[in-house]
Every structure is written in C-alpha cells, then in structure tokens.
Amino acid sequence: MALLSEELSVVERKKRLRHWYESGGPFPLECRGLTCEARTRAGTLCKQRNLFKSGRCRFHGGLSTGPTSEKGKRSSAKNGYKAGSD
C-alpha cells in the first residue's frame, strides 16, 4: 500500500521527486504540493512550487550559473561572439 504524502517526510518526498526526474514515468502523487522551502531574506520559507531536480526553485538553486573552468569560459566567450558587433 502506498504511503500518503502526510506520512512521508519532506526529505523522502524530495528523493522521490529526484528519482522521477531521472527515470521518468508518471508523476508521483506523494510529491504533489512540494515547495522549495528555502529561507528567504525575510526569514520565511519560499513557497515556489515549480521545482528543479535539486528540489529548489529557480531563485534558490536551480540552473547553472555558467562555466567555471578556463576552458569552459573560453568556449562560452566564443559561442557568444557575434560578427560585426565589436
């Protein structure tokens, strides 16, 4: 018998969300209603519901902030180059 979302801890529900991101399939019902829960500057919990694989929203740890290695930075600079814009 499947456990209800109230019976699972937030950590367990976020683990199931990550597993769903990796394996696909139907969305786990127990993950419905998860929020980011990061602390905001006001000291309250973030209420965003659109979460990334990390279990955080786009404001609190979603996507990459860009390349960190020198090779990656050079490659990124080349990709952003537009002829005639200098």
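The values are calculated or read from the model by the stated rules, or taken from the named source; none is laboratory data. As the structure is a prediction and not an experimental result, all values here were calculated from the model. Reconstructed Cβ throughout: ideal geometry from the backbone, glycine too, with neighbour counts over all protein chains shown.
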Among the residues of region 43-55 satisfying the criterion of being assigned to a loop (DSSP other than H, G, I, E, B) and over 12 Å from the mean Cα position of the chain (by Cα), which is surrounded by the fewest Cβ atoms within 10 Å (Cβ to Cβ)?
Gly43
For region 60-78, how many residues are under 30 Å from Ala38 (Cα atoms) and either at pLDDT 85 or above or assigned to a loop (DSSP other than H, G, I, E, B) (or both)?
10
Considering region 17-37, residues that are within 20 Å of Gly61 (Cα to Cα) and in contact with a Leu (Cβ under 8 Å, 6 or more places away or on another chain), and then whichever is surrounded by the most Cβ atoms within 10 Å (Cβ to Cβ), we arrive at Cys36
Do you know which residues across region 14-42 are aliphatic (A, V, I, L, M), within 14 Å of the chain's Cα centre (by Cα) and in a helix (DSSP H, G or I)?
Leu17
Going by the conditions given, is Phe52 at pLDDT below 85 and aromatic (Phe, Trp, Tyr)?
yes
